[in-house]
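A short worksheet on the structure shown next.
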Amino acid sequence: MPLNLTESRKLQHRAEQLLPGGVDSPVRAFRAVGGDPPFITHAEGAYLYDADGNRYLDYFGSWGPMILGHAFPPVVQAIQQAATRSASFGASTAAESDLAELVRRCVPSIGKLRFVSSGTEACMTAIRLARGFTGRKFVIKFEGCYHGHSDAMLVKAGSGVATLGIPGSAGVPEETAMHTIALPFNDLEAIRAAFVARPQEIACVIVEPVVGNAGTIPPNPGYLEGLRALTREHGALLILDEVMTGFRVSLGGAQQLYNIQPDLTTLGKIIGGGLPCAAFGGRADIMDHLAPVGPVYQAGTLSGNPLAMAAGIATLNELIAREHEIYPALERTTASIAEGVSKIARESGVDLTTNRVGSMFTWFFTAQTVTNYTDAAKSNTSAFGHFHRAMLEAGVWLPPSQYEAAFVSTAHGQREIDITLEAARKALATVTT
Ligand code: PLP
C-alpha cells in the first residue's frame with residue numbers, strides 16, 4: 001500500500017503559499033529525491049510521526065543533533081525546567097560557563113569559546129576572527145564542504161548547494177567570493193600549491209575533518225596531519241568545522257579520533273541537544289581578539305540562550321557519563337546497518353559504495369571509491385532518489401539527498417537494524433544502477 005500523505009500534502013500546499021518552496025531550509029523540500037515531504041507532528045526515540053499517522057525510522061536526526069534520540073527525557077526535563085525561569089534574559093547566566101566547561105572537557109584544544117545560535121554564525125565568525133588575528137584576507141575551503149550560508153562560504157559548497165547543483169549563490173558579490181579559495185578535499189598537493197601562490201596572504205584553512213555535506217567522506221591517512229603541518233608552516237590558522245562531527249564521531253569529535261590539534265573549532269548540532277545553539281572556540285590568545293576584549297566584533301541577542309544551554313548541558317552530561325558505552329554501541333549498530341545494506345546491494349547487483357565514520361554514513365550509488373566531491377558527484381542520483389522513495393514507503397527516512405550524511409542515535413538498536421535491512425532488501429530489488 002502506498003503511503004497515505006493526504007494531510008501532509010494539504011499542509012505542504014498551505015506552506016507553499018507562505019514560505020518559499022514551503023520550507024525554511026531548502027533540502028527539506030525533497031526536490032532531489034522527488035515526492036512530497038511528510039509533515040511531522042512529533043517524534044520519540046528513533047521514530048518520527050507525520051500528520052497522517054505514518055511512522056518513520058529516522059536516519060537524519062534533525063540533520064545531526066539527535067544523537068540520544070528524540071524527546072530524550074533528561075533533555076526534555078531540562079528544557080521544561082529552564083523555560084519556567086524565562087526563555088531568555090539577554091544577560092549572563094552560570095549555565096553558559098557550565099556548558100563551556102563541559103565542552104572544554106570533551107574538546108581540550110578549546111581554551112575559550114563563545115556560544116552563538118547556528119553553525120553558520122560559528123563558522124562565519126571563526127573566519128572573521130582568523131582574518132582579524134592574522135591580518136590576512138584569503139580563506140581556503142574544500143569543494144563539497146559546507147560551513148553554513150555566510151557569503152564567503154557559499155563557494156563550491158556542499159549540502160543543499162550541491163544538491164541543487166548550483167556552483168555558488170546569487171547575491172554573493174564577486175569581490176567577496178574572490179577571497180575564498182576552494183580546493184579538492186584529500187589533496188595535499190593542491191593546498192601546498194595554494195600556499196606557494198599566495199605567501200603571507202592566507203588567513204586560515206577551514207575544513208570538515210570528516211566531510212558530511214558531500215555525503216560522508218573520511219580523510220585519507222595523513223591528510224589532516226598534512227593540513228596541520230602546512231598551516232603551521234605558513235602562519236595560517238587551522239579551523240576544524242566540527243559542527244557535524246563534534247560529539248558525534250567520538251566524544252571529542254574528529255580531532256580526538258584523528259589526534260589533530262586545531263587553532264579553532266566550530267561546534268553545533270549536538271551541542272544544543274536540538275535547540276538553536278552552536279559555538280566556536282580554541283586558543284585563548286586567538287579568542288581574546290573578540291570584542292569586548294579585542295577588536296573583532298561579534299554579537300547575538302539569543303547567544304547562550306538559557307533553554308539551549310540547558311538542553312546542551314543535559315545532552316553532554318549524558319554523553320560524558322556513558323561515553324564508553326555509547327560510542328562503541330553507536331559504532332556497532334551503524335556498522336551493522338551500513339555494511340549490512342552494502343552486502344544486500346552486492347547480492348542484488350546494485351553499485352553501491354558505503355562510507356562510514358562512527359555513527360555517520362552514506363550509501364553512494366556508484367561502484368567507485370569516494371574520496372572527494374568530484375567522486376561523490378559521479379553517483380547515480382536518480383537511483384538514490386528511487387531508493388530514498390522506496391525506503392520512505394517502507395517507513396525508513398533517509399536524508400533526502402545523495403550529498404548528505406545519515407546519522408544513527410542511541411535509540412537505534414537491533415529492531416531498527418532488522419527493519420532497515422528488510423526495507424533495503426525490498427528497495428534495492430527495484431533499483432537499477
Ligand atoms: N558546518 C557544518 C559542517 C554543517 O554541517 C552545517 C550544517 O549542516 C553548518 C556548518 C551550518 O550550521 P547551521 O545549519 O546550524 O547554520
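What the table shows:
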quantity	calculated
Kyte-Doolittle at least -0.5, axis length at least 24 Å by Cα - qualifying DSSP helices, the chain	323-348
Top of Val161, Val207, Val76 by mean-square fluctuation, Gaussian network on the chain, Cα under 10 Å	Val76
Relative contact order (percent, whole number), the range 257-306, Cα cutoff 8 Å, 6+ residue spacing	25
Cα→Cβ-extended label distance, 7 Å offset, between His13 and Thr41, nm	1.9
Value of [θ]222 nm, deg cm²/dmol, for the chain, DSSP H segments ≥ 4, -39500 (n - 2.57) each, nearest 500	-11500 deg cm²/dmol
Distance violations [Cα-Cα > 23 Å] among Lys269/Lys378; Lys343/Lys426; Lys156/Lys343	Lys269/Lys378; Lys156/Lys343
The chain, relative contact order in percent, only Cα pairs under 8 angstrom and at least six apart counted	22
Percentage relative contact order, the range 73-321, counting C-alpha pairs under 8 Å, at least six apart	31
Among Val27, Val211, Val408, residue whose mean-square fluctuation peaks in a GNM of the chain (springs only between Cα atoms under 10 Å)	Val27
Protection-proxy order for peptides 384-392, 45-53, 270-278, each taking the mean of Cβ atoms within 10 Å per residue, highest first	270-278, 384-392, 45-53
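Values quoted throughout were computed directly from the atomic coordinates according to the rules given, and no laboratory measurement underlies them. Small disclaimer: the values here were computed from a predicted structure and weren't measured. When we count neighbours, we look across all protein chains shown, and the Cβ atoms used for this are built from the backbone with ideal geometry, even at glycine.
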